[in-house]
Every structure is written in structure tokens, then in C-alpha cells.
Amino acid sequence: MIDSHCHLDHEPLKSDLSNIIKRSKDVGIEKLLTISTSVESFQKIKNIINEDEIIFGTIGIHPHETDNNEISTDYIVKNFEENPKIIGIGETGLDFYYNNSDKEKQIKSFKKHIEASIKTNSPLIVHSRNAEDATFEILNKYQGEKLKILMHCFTGSKNFAEKLLKLNAFFSASGIITFKNSIDLQETFKILPLEKILIETDSPYLAPVPNRGKKNEPSFLSYTAQKLADIKDLSKQEITKITTKNFNNLFFN
């Protein structure tokens, strides 16, 4: 298994990293991708990726952090190229769920990350919440650039998913698919092509059932893999093999 999205620089994961890594390996996780959310976050990640061979990282600014974190495309590209274990751009995107963040700053930041993804030919990790139309409109403008798009913790509509498939996007399933009220999302993952699906924890957030309410960690990925296998009418072993192959194809080809 590969956890395609976790936040090892966030507590309580950071201060217990050696045990987090051990438990990850114990359940069969072979790679952890720890995701940058701010300039400060990236500085921590540059150290964390050297803690173990299974840990890789990204560089980016979360949409909620764009009011206080402004970085250029050149800054992203430079840091990406200087760090061989930094393998993706993000997380970036749009989140209009709260009204206390400047939408124009989010859009401006999103475009800088997209341009960095194009320049480095690396995957773009996209966060989209309450912003389906705006997210698609922006991504669609770069359709001719062969963007490598990964929709992280995808919770969007079936219509949004179908539009994104035309842009060759990948979709990552989080612990949300294990929640009782996620029937619509489960139905969306049913129709997504197997070769376009990854799995993630988004830990320390969104712990899957039966650990809902606890602090999430990468080793809980096993529950999400089992639920996705059930949704796709496959064995857990098959879904693990498929999602691992998809991750490696996206990030290492």
C-alpha cells in the first residue's frame, strides 16, 4: 500500500514519527507521501523525508494558507529540483467552504502551482471543496499542457469526476468513503476507472471507520483500502496492488 497523502509534520504524528513509520511498515505500507501546506510546513518536510527511505514529500501552499503564504512559481520549481525526494506540487487548489479566505489569492496561488507542475512535469495535488466549477474552469484552461492531476481526498460530485476524467485526472480515496453518510461518494468511486484511483489517509485528519474520531495515522490506510475493495467488488490484495501501481505510474514515470 501507498499513503498518497498524509501530514507527517503535523502533531501528533511528528513527535511520534519513528512509531508511525514502524506501524506503517507493519501493515504493508511501502511509501508515505507527506504533503506541504505552507512555507513553514515545507521546511519541516525537508527534514522529515530524510527520516526513512519510505517517506517522500511535496512542496505547496494549501488554499487556506494563501493569505499568509505567498510563493512564486520559480520558488516552487527551485525547491522541487533541489530535493530529489520532493516528488509533487501541492497541496494547492481552491476551498470556498469558509468565507474568511481571499478567493482571488487562492486562485492566484493555484495558478502558480499549476505552472510549476508543468515546468517540472510533476503531479499536481489538488484540494477542492465547495469550488467545483472554479476548480475545473482553471484546470481546463491548461488542458493542452498534459497536466498530471491528482484530486486529493476526492469528495466531489459524479459530474465533477466525469469532467475531470477528460483531463486525465487521478482520484484519491480517503477514510471518508468508510463513513455511513458517504453513499453518493461511494457511488462515484464505483464508476471511476481502476487505473485512476489512489488511496490516502490525510492523517492526522479523517480517520476511517472503525477509528473515526481518533487521530488518524498512515497505518489506518488498511481500512480505506478494504472499503474501496468492497466498493469495486475486488479483494483488498487486488485493490492494494492496483492503487500502488497507479501511484508509481503517476509519480515515478
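The values are calculated or read from the model by the stated rules, or taken from the named source; none is laboratory data. Just so we're clear, the structure is a prediction, and the values are computed from it rather than from any experiment. All Cβ positions, even for glycine, are placed from backbone atoms using ideal geometry, and neighbour counts span all protein chains on display.
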- Message: Cβ contacts < 9 Å: first residue crowded, with 23+ Cβ neighbours inside 10 Å, restricted to the stretch 84-101; second residue modelled with pLDDT under 95 and of a type in the set (Ser, Thr, Tyr), any location; separation 6+ or different chain. Result?
- Response: THR92/THR66
- Note on the structure: Among the residues of the stretch 195-234, the number that are over 24 Å from SER18 (Cα atoms), over 14 Å from the mean Cα position of the chain (by Cα) and assigned to a helix (DSSP H, G or I) is 7
- Please go through the stretch 1-40 and pick out each residue that is β-branched (Val, Ile, Thr) and in a loop (DSSP other than H, G, I, E, B). VAL27, ILE29, ILE35, THR37
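For the stretch 47-66: of the residues being more than 17 Å from the chain's Cα centre (by Cα) and in contact (Cβ under 8 Å) with a residue 40 or more places away in the chain, which is nearest to SER15 (Cα to Cα)?
Within the stretch 47-66, the first condition is being more than 17 Å from the chain's Cα centre (by Cα), and the residues that meet it are 47-48, 50-53, 66.
Adding the requirement that they be in contact (Cβ under 8 Å) with a residue 40 or more places away in the chain leaves 48, 66.
Details: ILE48: 11, THR66: 26 Å.
Filtering the stretch 47-66 for residues that are more than 17 Å from the chain's Cα centre (by Cα) and in contact (Cβ under 8 Å) with a residue 40 or more places away in the chain, the one nearest to SER15 (Cα to Cα) comes out as ILE48.
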- Could you run through the stretch 87-122 and say how many residues are among the aromatic types (Phe, Trp, Tyr) and either within 21 Å of GLU40 (Cα to Cα) or part of a helix (DSSP H, G or I) (or both)? 1
- Note on the structure: Across (1) touching a Gly at 6+ places or on another chain (Cβ under 7 Å); (2) under 20 Å from ILE177 (Cα atoms); (3) not acidic (Asp, Glu), SER122 clears everything bar (2)
- What residue, of LEU150, LEU164, is closer than 19 Å to PHE110 by Cβ, in contact (Cβ under 8 Å) with a residue 40 or more places away in the chain and not in a loop (DSSP other than H, G, I, E, B)? LEU150
- Subset of the stretch 157-190 (residues that are out of contact with any strand residue (DSSP E or B) (no Cβ under 7 Å at 6 or more places or on another chain), of a type in the set (Phe, Trp, Tyr) and within 18 Å of GLN143 (Cβ to Cβ)): PHE160
- Query: How many of the residues in the stretch 29-45 are touching a residue at least 40 places away in the same chain (Cβ under 8 Å), of a type outside the set (A, V, I, L, M) and surrounded by 16 or more Cβ atoms within 10 Å (Cβ to Cβ)?
  - Reply: 3
- Residue check, SER36 against (1) touching a Pro at 6+ places or on another chain (Cβ under 9 Å); (2) more than 19 Å from THR224 (Cα to Cα); (3) of a type in the set (Ser, Thr, Tyr), all met but one. Which one? (1)
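Among ASP133, ASP74, ASP67, which is assigned to a loop (DSSP other than H, G, I, E, B) and farther than 22 Å from ASN249 by Cα?
Values: ASP133 fails: assigned to a loop (DSSP other than H, G, I, E, B); ASP74 fails: assigned to a loop (DSSP other than H, G, I, E, B).
Criteria check complete, one pass: ASP67.
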- Query: What is the one condition in (1) in contact with a strand residue (DSSP E or B) (Cβ under 6 Å, 6 or more places away or on another chain); (2) over 18 Å from ILE118 (Cα atoms) that GLY93 does not satisfy?
  - Reply: (2)
- Determine which single condition LEU194 fails, assuming it passes every other condition in (1) closer than 30 Å to ASN121 by Cβ; (2) in contact with a helix residue (DSSP H, G or I) (Cβ under 7 Å, 6 or more places away or on another chain); (3) buried (at least 23 other Cβ atoms within 10 Å of the Cβ). (3)
- Is there any pair linking a residue in the stretch 12-27 that is at negative phi to one that is at pLDDT 95 or above and of a type in the set (Lys, Arg), with Cβ under 7 Å and at least six apart or on different chains, and which? PRO12/LYS215
